[in-house]
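Before any comments, here is the structure.
Just so you know, all these numbers are worked out from the coordinates, no wet-lab data involved. In this text the structure is predicted, and so the values were computed from the model without any measurement. Counting neighbours? That spans all protein chains shown, and the Cβs are built from the backbone with ideal geometry, glycine included.
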Amino acid sequence: MAAPRRLLLIRGLGHSGTTILDLALGAHPAITGLGEAVRLLETPAAGDAHRGPAQLRGPLRFERACTCGAVAAACPVWGPVLDWLPANDHRPLLEKLHHLLDALAPAEDAWVVESYQDDRHLPLLSDPSLEIRVIHLTRDVRSWVHSRARDGRRQGHWLPGLVPLLRWWRLSARHAALFEECGKPVFRLGYEELALAPEASLRRLCHWLELDFDPAMLQPVLHSGSHILAGNRVRFDVEKGRAIHYDADWMGMGAGVAQLALLWPPLARLNRRLVYSGFTAGQR
């Protein structure tokens, strides 16, 4: 009987470093990243014809670049899958995922990374042909709220951080509970840990994956072998992606609603547990 395919899911909120982590992992010779593959494989809804996943089934695949250096249609992984999808979009998501994994055909003991942040379905899969592990990636509530409140400030909202703060609290708590109950091995990683101590974080992650650390992982855009069609634009920015950096803009913006909200003990405990416990707590 063939060994299960090894699928590594990066999960958490968007804008929390999933793309740079996907690229860093993809720089390891035993790991290939596929970006937000589930978002591309899901059958587009009737009103989604203008969105990227639907357009990649058509002319956009001849224009959108993959991180492998080819346009989507010429990518050795995504090209055949995008040709196959229009006639097979009625098939279940799991069947389409297996078709993608077959197109990749990695070595038996290699890991494949999927990083569709808000998806809650794949961690619950029970498929004996897949070995699934989950990385729960979380960004400090103050940093995340600051980055998402920019839209509110541009629109003149009187308290632009309130809606992002409530979203961070609701979804981070829900994800934590979901992943703790999913029955799969879970690695909790804070974006701040990854960005401020990238080598230590990636060494811990490699150990958890039963792999040796590869220094190329510290220069994600320069060395990544991932095939990412959807994700943060940093995937093509050689300067920003040459190394893993931390965006500390929020520190110069005053306390803000998120900083004040940390005075509430339950929020402070959740932020500390999800973002900063990795160096002191064992990963299961």
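If the elastic network links every pair of Cα atoms under 10 Å, which of Ser201, Ser143, Ser129 fluctuates the most in the Gaussian network model of the chain?
Ser129
Under the 0.36 nm per residue contour assumption, what length would be gained going from the current alpha-carbon distance of Ala110 and Arg174 to full extension?
20.0 nm
Taking only the alpha-carbon positions of the chain and ignoring solvent, what does the Debye formula give for the base-10 log of I(q)/I(0) at q = 0.07, 0.17 Å⁻¹?
-0.26, -1.48
Using a Förster distance of 25 angstrom, determine the FRET efficiency expected from the C-beta separation of Asn88 and Ala3, and round it to 0.05.
Result of the calculation: an efficiency of 0.40.
If you put +1 on each Lys and Arg Cβ and -1 on each Asp and Glu Cβ, how big is the dipole of the chain around its Cα centre, in Debye rounded to 20?
I would put it at about 980 debye.
For helix 93-104, report the angle its Cα long axis makes with the longest principal axis of the Cα atoms of the chain; keep it between 0 and 90° and round to the nearest 10°.
70
Could you check which residue among Pro80, Pro160, Pro128 shows the biggest mean-square fluctuation in a GNM of the chain with a 10 Å Cα cutoff?
Pro128
What share of the DSSP beta bridges in the chain is antiparallel, in percent to the nearest 5?
Taking every DSSP beta bridge within the chain, about 5 percent pair in antiparallel fashion.
Expected output is a single nm value to one decimal: the length gained when fully extending between Leu125 and Ala45, i.e. 0.36 nm times separation in residues minus the C-alpha distance. What is it?
That works out to 26.5 nm of additional length.
For Gln55 and Ala268, compute 0.36 nm times the residue count separating them, minus their Cα-Cα distance, and round to one decimal in nm.
My answer for the length gained is 72.5 nm.
Given a Förster radius of 22 Å and the C-beta distance between Met251 and Tyr276 as r, what FRET efficiency does 1/(1 + (r/R0)^6) yield to the nearest 0.05?
That gives a FRET efficiency of 0.90.
Taking springs between alpha-carbon atoms closer than 10 angstrom, which of Glu114, Glu192, Glu180 fluctuates most in the Gaussian network model of the chain?
Glu180
Between Leu166 and Ala74, what is the label-to-label distance in nm when each label sits 7 Å out along the Cα-to-Cβ direction?
Label at Leu166, label at Ala74, 4.9 nm between them.
Of Pro220, Leu85, Pro266, which is farthest towards the positive pole of the stretch 5-275's charge dipole, taken about the Cα centre with +1 and -1 on the beta-carbons of Lys, Arg and Asp, Glu respectively?
Selected residue: Pro266.
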